[in-house]
Amino acid sequence: MLGTARPDIAEQLRYRKRQELQQDLVQLTGKNITAQGKVKLLTSCPACQQGLSRYTDDTGLETDFIVVELCNHKLGENWQREFVASVNAGGNERVLLQPVGSQQRHKPATEPQFSMVVQWPPHHPFQFS
């Protein structure tokens with residue numbers, strides 16, 4: 001909505017974000033643009049991933065979800081294909097969300113905190129916190 005209501009301000013915001021990303025790349029790699037896919041910017045927010053992917057041509061940064069990257073490292077590059085094949089073959093997946101510290105006395109917080117335990121396949125349990 002900002003882009004259509006105030007394109008001048010939206011362009012300034014995009015310019016500033018592009019500058020910040022390039023400065024961070026210089027600190028990380030010594031160059032303000034990197035080879036495609038050489039540096040990944042991870043997020044858990046779909047809107048952020050979509051917005052940050054707009055800077056790929058200018059920076060070379062690849063954006064991805066944190067959970068996908070963790071699964072790639074923990075379960076291998078073919079985890080998505082294997083997961084779909086397992087579900088199609090009658091397997092199941094289990095995702096449990098538990099409040100962090102639910103076993104302990106609950107302290108009120110401004111935002112609920114959760115621990116996600118994913119078990120798939122059964123011989124590869126791991127936990128995200």
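Tell me which residues, restricted to region 42-59, are of a type in the set (A, V, I, L, M) and under 8 Å from the mean Cα position of the chain (by Cα).
Matches in region 42-59: 42 only.
Quickly run through region 53-70 and pick out the residues that are within 15 Å of residue 33 (Cβ to Cβ) and among the aliphatic types (A, V, I, L, M).
61
Among the residues of region 12-43, which ones are among the hydrophobic types (A, V, I, L, M, F, W, C), surrounded by 15 or more Cβ atoms within 10 Å (Cβ to Cβ) and touching a residue at least 24 places away in the same chain (Cβ under 8 Å)?
Answer for region 12-43, where residues must be among the hydrophobic types (A, V, I, L, M, F, W, C), surrounded by 15 or more Cβ atoms within 10 Å (Cβ to Cβ) and touching a residue at least 24 places away in the same chain (Cβ under 8 Å): 21, 25, 33, 42.
Pull out all pairs, ordered by first then second residue, where Cβ-Cβ is under 6 Å, the residues are six or more apart or on different chains, the first lies in region 73-101 and is at pLDDT 70 or above, and the second is surrounded by 11 or more Cβ atoms within 10 Å (Cβ to Cβ).
74/126; 75/124; 79/71
The values are calculated or read from the model by the stated rules, or taken from the named source; none is laboratory data. These numbers come from a predicted model, not from an experiment. Glycine also receives a Cβ, built like all others from the backbone with ideal geometry; neighbour counts cover every protein chain displayed.
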